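Worksheet: the structure to be examined is printed underneath.
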Amino acid sequence: MALAAGLRRKVRGLSEAEFRERFSTEEACREALFTMRWGEGLTCPRCGSTSFCQLTTRQLFQCNRCKKQLRLTAGTVFQDTKLPLVTWFAAIYHLTQSKGGISSIELGRRLGVKQPTAWLVKHKLMRAMATREAAKPKLEGRIEIDDAYLGGERSGGKRGRGAAGKQPFVAAVETTADRKPRRLRRTVVKGFRKKEVEKIAKRDLAAGSNVVSDGLSCWRAVEGAGCRHFPINTGCGKQAASWAPFKWVNTTLGNIKTAIAGTYHHVSAKHAQSYLSSFAYRFNRRYQLDTIVERLAWAAACTMPQPYRIITADA
Ligand SMILES: [Zn+2]
């Protein structure tokens with residue numbers, strides 16, 4: 001039984017050939033997006049009519065009663081794009097299938113677009129991932145929680161807490177009783193203060209959960225969110241670095257650095273959250289990699305437009 005369960009869980013990704021089979025033409029991508037948005041039937045938001053005609057094939061629709069026009073991409077992350085949907089779907093494929101994330105330079109090369117264009121596409125899609133992650137239920141049951149920094153190393157005995165120029169975040173992982181990771185959450189914080197930890201615990205951790213952490217005093221604040229707290233004296237050095245949550249933090253951090261490399265030396269809090277959420281998004285769907293393209297396309301179709309000025313505005 002255990003073996004069968006193990007095999008079932010080993011889900012492979014979507015091969016490039018399989019992806020091309022599904023989304024290689026503009027028509028196929030439009031059809032997919034149409035089904036996601038209006039598969040149950042298109043209803044006019046102005047007059048309630050369900051009778052439409054197509055002005056442009058699967059792109060622009062007009063209500064037969066009041067003549068209101070609806071664009072397939074309007075009100076989604078794809079709104080006002082100059083890129084064909086086929087490029088967007090390819091971007092979704094590359095963002096979700098590459099385990100280490102992907103830099104905008106590499107993404108641009110694969111899509112055949114300039115780096116700034118790839119950067120914007122990537123950030124819009126990361127916003128869709130973050131929005132989706134934020135809507136997921138709180139972590140529950142057994143949770144390991146840890147402090148981490150984006151832009152800093154976390155190896156050996158030096159904890160590097162509060163290092164300048166680094167973006168602190170809370171790394172939380174819901175595990176099975178035998179400590180296997182189930183779901184991750186990564187939340188940018190200003191610092192590891194009790195008030196901040198309590199706020200995040202109330203938002204991200206279900207009351208009644210058992211939270212395991214190291215001895216850092218701020219973690220006690222999870223009790224304010226109705227969680228039980230189990231501090232573990234991890235000591236320092238090798239033993240601390242190999243403690244399970246540290247391992248998960250370090251694995252994903254290496255990937256994030258790859259994705260950022262070559263673009264930014266400093267990552268703002270807002271972009272840091274976007275990067276962290278996108279990695280959590282992928283990790284949390286690691287057993288669904290064969291359907292993750294459709295899932296993210298759907299998330300992008302359900303997320304409000306994310307224009308350049310919003311992506312680049314200061315948090
Ligand atoms: Zn109408």
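The values are calculated or read from the model by the stated rules, or taken from the named source; none is laboratory data. In this text, all values refer to a predicted model and were calculated from it rather than measured experimentally. Virtual Cβ from ideal backbone geometry, glycine too; neighbours counted across all protein chains shown. We work out accessible area using only protein heavy atoms, side chains counted, and drop any ligands, DNA or RNA first. Shrake-Rupley method; radii C 1.70, N 1.55, O 1.52, S 1.80 Å.
Every listed requirement among (1) over 23 Å from I310 (Cβ atoms); (2) within 16 Å of the ligand (Cβ to nearest atom); (3) of a type outside the set (F, W, Y) is met by R110 save one, (2). Candidates in the stretch 57-71 are the residues that are under 15 Å from L33 (Cα atoms) and of a type in the set (S, T, N, Q); of these, the one that is modelled with the highest pLDDT is Q59. Among the helices (runs of 4 or more DSSP H) confined to the stretch 258-315, the ones with at least 2 residues that are under 16 Å from the mean Cα position of the chain (by Cα) and modelled with pLDDT of 80 or more are located at 269-284, 292-302. The listed residues are A171, A148, A91, and the only one of them that is in contact with a Lys or Arg (Cβ under 8 Å, 6 or more places away or on another chain), modelled with pLDDT of 95 or more and either open to solvent by less than 20 Å² (accessible area, probe 1.4 Å) or under 25 Å from H229 (Cα atoms) (or both) turns out to be A91.
Please indicate, with yes or no, whether at least one residue in the stretch 27-39 is open to solvent by less than 50 Å² (accessible area, probe 1.4 Å), within 14 Å of the ligand (Cβ to nearest atom) and aliphatic (A, V, I, L, M). The answer is no; no qualifying residue exists. Taking (1) at pLDDT below 90; (2) of a type in the set (A, V, I, L, M, F, W, C); (3) open to solvent by 60 Å² or more (accessible area, probe 1.4 Å) in turn, A207 satisfies each apart from (1). Of the listed requirements (1) under 21 Å from V170 (Cα atoms); (2) open to solvent by 40 Å² or more (accessible area, probe 1.4 Å), C302 misses just one: (1).
Taking residues in the stretch 24-43 that are more than 15 Å from Q54 (Cβ to Cβ), and partners anywhere that are open to solvent by 70 Å² or more (accessible area, probe 1.4 Å), the pairs with Cβ atoms closer than 7 Å and at least 6 places apart or on different chains are A28/R22; M36/W298; T43/T50.
Does R179 count as surrounded by fewer than 14 Cβ atoms within 10 Å (Cβ to Cβ), among the basic types (K, R) and at pLDDT 95 or above? No; evaluated as a whole, the condition is false for this residue. Each residue in the stretch 52-90 was checked for being of a type in the set (S, T, Y) and either within 16 Å of the ligand (Cβ to nearest atom) or touching a residue at least 24 places away in the same chain (Cβ under 8 Å) (or both), and 4 pass.
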